[in-house]
Amino acid sequence: MAQPAHLITPVDAVVARMRALDAALPAGDGVAVFNRVYLAVTEEVGRRLDSGEFPDPRAAGALSVRFAERYLAAVDTAAADRRPPACWRPLFQLRRHPGVRPLQFALAGINAHIGHDLALAVVDACRTLGCRPADLEDEFDRVGELLVALEERIREDLMPGPDLLQIADPLTHLLGSWSLERARDATWAAARALWALRTCADVAEEFTERLDAAVGFAGRMLLTPLPD
């Protein structure tokens, strides 16, 4: 049953967009694989907001929505045949490559979204709320805990079984080089740096471009096609 318009929250709106993408994209599309992962996270955030599990629901909602909007903007940019941020380009370019496994697509999307988008979303939310990154640290940590738990489930669900060792061996090696927890720690440092640089537009822009490029490079490595 649809909610009355006045009860639809910003989190509901981004969830609706992700559900529409899920319905529209082929199941094996690399963006669809990541979208299903991120949809599950955002739905869980919405449930926890509704049940009062966040100490500051306004801050948590603002951070979650600004975060989701970065991903959805990249989707819209690619759909319009324009260049999305460098962090997202590998996923959009290789989304139909037959040599890339679903687990790679999922983690490459998480890499782009955590490594780049989350830092910028923290700054966006601070501007929206009139606060500093330190004021959002609890919300940042709680959303991060959800992502870490989901990443563990993704690895269990999408990692090839023991009967596919010729795939699992290089895949295990490739994915073992990337850690969501390390990426999250780096993102928090990047968000604080961007906030400190907010009055130095040229330096902040260069920092953001270099962050985008570095995360894109890591995403390209995560999407290395593997032999059958």
Working only within the stretch 92-128, note down all residues that are over 19 Å from GLU209 (Cβ atoms) and within 15 Å of the chain's Cα centre (by Cα). LEU103, GLN104, PHE105, ALA106, LEU107, ALA108, GLY109, ILE110
Residue tally, condition within 17 Å of the chain's Cα centre (by Cα) and small (Gly, Ala, Ser), over the stretch 15-45: 4
Taking the criterion of being free of Cβ contacts under 8 Å to residues at least 60 places away in the same chain and within 15 Å of the chain's Cα centre (by Cα), would at least one residue in the stretch 46-60 satisfy it? no
Which one of these is open to solvent by 60 Å² or more (accessible area, probe 1.4 Å), in a helix (DSSP H, G or I) and out of contact with any Pro (no Cβ under 7 Å at 6 or more places or on another chain): ARG182, ARG192, ARG198, ARG220? ARG182
From the set of residues in the stretch 156-179 that are of a type in the set (Gly, Ala, Ser), at pLDDT below 70 and part of a loop (DSSP other than H, G, I, E, B), which is farthest from the chain's Cα centre (by Cα)? GLY161
Within the stretch 95-154, how many residues turn out to be small (Gly, Ala, Ser), open to solvent by 40 Å² or more (accessible area, probe 1.4 Å) and outside any helix (DSSP H, G or I)? 1
Those residues of the stretch 51-64 which are surrounded by fewer than 22 Cβ atoms within 10 Å (Cβ to Cβ) and not hydroxyl-bearing (Ser, Thr, Tyr), in sequence order: GLY52, GLU53, PHE54, PRO55, ASP56, PRO57, ARG58, ALA59, GLY61
Out of ALA27, ALA40, ALA73, sole residue that is small (Gly, Ala, Ser) and in a loop (DSSP other than H, G, I, E, B): ALA27
Tally of residues being farther than 19 Å from ARG132 by Cα and touching a residue at least 24 places away in the same chain (Cβ under 8 Å) across the stretch 182-208: 1
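The values are calculated or read from the model by the stated rules, or taken from the named source; none is laboratory data. What you are looking at is a predicted structure, and each value in this text was computed from that prediction instead of being measured. So basically every Cβ, Gly included, is an ideal-geometry build from the backbone, and we count neighbours across all protein chains shown. For the accessible areas, the whole protein counts, side chains as well, though only heavy atoms, and no ligand, DNA or RNA atoms are used. Shrake-Rupley method; radii C 1.70, N 1.55, O 1.52, S 1.80 Å.
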